[in-house]
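Step one of this worksheet: look at the structure below.
The values are calculated or read from the model by the stated rules, or taken from the named source; none is laboratory data. None of these values were measured; they are calculated from a predicted model. All Cβ positions, even for glycine, are placed from backbone atoms using ideal geometry, and neighbour counts span all protein chains on display.
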Amino acid sequence: MKTAMHPAPSTGISASLVERAAWLLLCALVFTMPWEKAVILPGLGSISRAAGLAAFGVAAIAVWRRGALRPPNLVLALGAVFVCWNLASWAWSLDRAATLTRAVTLAQVWAMLWLIWEFARSAARQCQLMAVYLAGAVAGSSIGIARYAMHLETYYRRYAATGFDPNDFGLLLALSLPMAFYLGLGANGWRRWLCYGAAAVVIAAILLTASRTALIASFAAFAFVAGTWRGAAAFQRIASLALLAYLLLNLLAIAPAPTRDRLATIPTEVAQGSINSRKQIWKSGARVWLHHPVLGVGAGAYPEAVRPQLGTPTVPGARYVAHNTFLSVLVEGGVIGFAVWMALLGCLVLFLSMMPAPERALCATLLIVWAIGVSTLTWEHYKGTWLVFGLIMAAWPQAWFGRRTVTCE
């Protein structure tokens, strides 16, 4: 079923060529996400933003020429409602400039969600998207590792690709691990070696970020291995166990000592520490929400809302963001915005529950890794969040065609 549109007039450029260009630009957007801040284009921003704008423009032409638009699904519709609610919050926002900026960003990531739905319809294309994201994660990891080799610290003894916060960078990389395991499950010959080799490079870069959240998310990525263990071949089992052992060995002995020392503080920091002052920021946000429970303080206005309680950070230009996506949505969007957000997540869970076993394991693991990561990060407007949503949404229609064999050749 397609949503009918008036046919476009014929031009000299073939429709298939425009469709192909839109798909390639979407792949370029996904490929650049893990290292986008390393390349900033004057007047456009990050390289992935430029790729995204180009992809959306060409996609609009492709849909116009095709004369048909793929009918939306519930996740896409709820995402649009979430964007509109954030834009509407400008009317009562405590920081209208921040709200407008946030609304524009959310509109852009929703456009990426639509691009995935419109152009990644087949299992093969979904595998291609994951493959290019994994390749991008390797590229970003290589930048982080190179910066370590050159002693270019992001923070004290912590390393990330240029322009990235180590925690954000670590989670972006951790999201690629379930993709690597899934692609390795369906690959043969040298391709599966590439998948597991890419995972090893990514794990090394995650450790160099010294991000405690990213480390926990990386261990969670191995839930995919557990979920597909019975159906996996001997090679996949051995390779997965070898990667887990590689992660543990680095954590215990091989990774730089400052990295290991910081990561070893996870139990005490969670039980007794402040998690880098996050607990204080969360308490302040909760108090703000009690005064604005229904409508919230406005999209992007969390820093301004907690400023009277927390003051101004000592680091020039820094602001106190929520450091928890769910709290951020609740405080900024109120009960209404939070209800839309949770309905979107609930729909994603419903979608993955209908999928064949390998895809269900992949999408569930991606959602778990994401949920762990965003428990200490403000990611409702980040591309990584909406990529996860898009992959789950794109894989969902396969449930109606029965179980599929994982093949990503």
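Below, the figures for the structure above:
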item	result
Residue identified as touching a Leu at 6+ places or on another chain (Cβ under 8 Å) and in contact (Cβ under 8 Å) with a residue 12 or more places away in the chain among VAL297, VAL306	VAL297
Only one of ALA160, ALA137, ALA204, ALA200 that is hydrophobic (A, V, I, L, M, F, W, C), under 14 Å from the mean Cα position of the chain (by Cα) and at pLDDT 95 or above	ALA137
Qualifying residue in the stretch 202-214 (condition: touching a residue at least 60 places away in the same chain (Cβ under 8 Å), in contact with a strand residue (DSSP E or B) (Cβ under 9 Å, 6 or more places away or on another chain), among the aliphatic types (A, V, I, L, M) and outside the structural domain of VAL388 (by TED's automatic domain parsing))	yes
Residues being surrounded by fewer than 16 Cβ atoms within 10 Å (Cβ to Cβ), in a loop (DSSP other than H, G, I, E, B) and in contact (Cβ under 8 Å) with a residue 24 or more places away in the chain - total across the stretch 28-71	2
Search result, residues across the stretch 177-219 that are more than 16 Å from SER240 (Cα to Cα) and charged (D, E, K, R)	ARG212
Residue within the stretch 166-181 that is over 20 Å from the mean Cα position of the chain (by Cα) and farther than 24 Å from SER48 by Cα present	no
Residue check, ALA245 at negative phi, among the small types (Gly, Ala, Ser) and over 24 Å from the mean Cα position of the chain (by Cα)	yes
Single match in SER353, SER375 (criterion: closer than 21 Å to ALA322 by Cα, of a type outside the set (A, V, I, L, M, F, W, C) and in contact with a helix residue (DSSP H, G or I) (Cβ under 9 Å, 6 or more places away or on another chain))	SER375
Residue among THR376, THR325, THR365 that alone is in contact with a His (Cβ under 6 Å, 6 or more places away or on another chain) and under 29 Å from SER211 (Cα atoms)	THR376
Subset of the stretch 266-282 that is loosely packed, with under 12 Cβ neighbours inside 10 Å and not small (Gly, Ala, Ser) - its residue that is farthest from ALA210 (Cα to Cα)	GLN272
Residue check for ALA180: more than 24 Å from LEU78 (Cα to Cα) and without any contact (Cβ under 8 Å) to a residue 12 or more places away in the chain	no
The stretch 182-234 - residue that is part of a helix (DSSP H, G or I) and β-branched (Val, Ile, Thr) and, of those, surrounded by the fewest Cβ atoms within 10 Å (Cβ to Cβ)	ILE216
Residue list for the stretch 75-122, filter: over 15 Å from CYS27 (Cα atoms) and either modelled with pLDDT under 95 or hydroxyl-bearing (Ser, Thr, Tyr) (or both)	SER89, SER93, THR99, THR101, THR105
